[in-house]
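Just so it is clear, none of the values below were taken in a lab; they were calculated from the coordinates. These figures come from a predicted structure and were not determined experimentally. For neighbour counting, all protein chains shown are included, and Cβ atoms are generated from backbone atoms with ideal geometry for every residue, glycine included.
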Amino acid sequence: MSFQLYRQTMMGDCLVEALEEMIEQEKLPADLAQSIVTQFDQSMLEALRSHVTGRAHIKANLKHYRYFDNVWQFTLEKVTFRLSPSGGGSLNTAHEISCDRAKVVCVDSKLVDETIEAISGPDPNAQPAPEQKP
């Protein structure tokens with residue numbers, strides 16, 4: 001099982017399109033292209049986890065929501081995002097971005113960790129879980 005959330009981003013779409021073009025031109029085998037896309041999934045998850053420290057506050061009208069397989073999807077209208085780049089401090093000084101509609105996808109971080117471990121094996125830097133007494 002691989003986590004494919006970021007394949008639907010502009011960057012993911014461009015990567016898949018370029019790889020498909022290379023496969024059609026027989027410059028790249030299909031199995032290698034699949035490996036590249038899987039690595040993209042892992043790299044995006046790791047990059048966001050280790051490099052993003054910002055905080056956001058979302059104010060909107062909820063049009064639709066769905067929960068399936070530990071993934072929440074929210075369709076919002078009249079959306080205002082307040083973004084604080086450092087992750088701390090007051091949101092009063094945060095940048096504000098507004099849009100008519102937005103889709104927000106939220107995934108349980110435990111599911112992400114399990115997926116990464118299933119794809120790449122256990123994290124060698126991870127701290128062992130404390131033993132629980134019965």
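Output the qualifying pairs, or none if there are none: Cβ atoms under 7 angstrom, residues six or more apart or on different chains, first residue in region 10-38 and in contact (Cβ under 8 Å) with a residue 60 or more places away in the chain, second residue not aromatic (F, W, Y).
Pairs that qualify, where the first residue is in contact (Cβ under 8 Å) with a residue 60 or more places away in the chain and the partner is not aromatic (F, W, Y), are T38/S2; T38/I119.
Does region 19-33 hold any residues that are surrounded by 13 or more Cβ atoms within 10 Å (Cβ to Cβ) and either out of contact with any Leu (no Cβ under 6 Å at 6 or more places or on another chain) or under 25 Å from S109 (Cβ atoms) (or both), and which are they?
L19, E20, I23, L28
Here are I36, I58: which of them is among the aliphatic types (A, V, I, L, M) and out of contact with any helix residue (DSSP H, G or I) (no Cβ under 7 Å at 6 or more places or on another chain)?
I58
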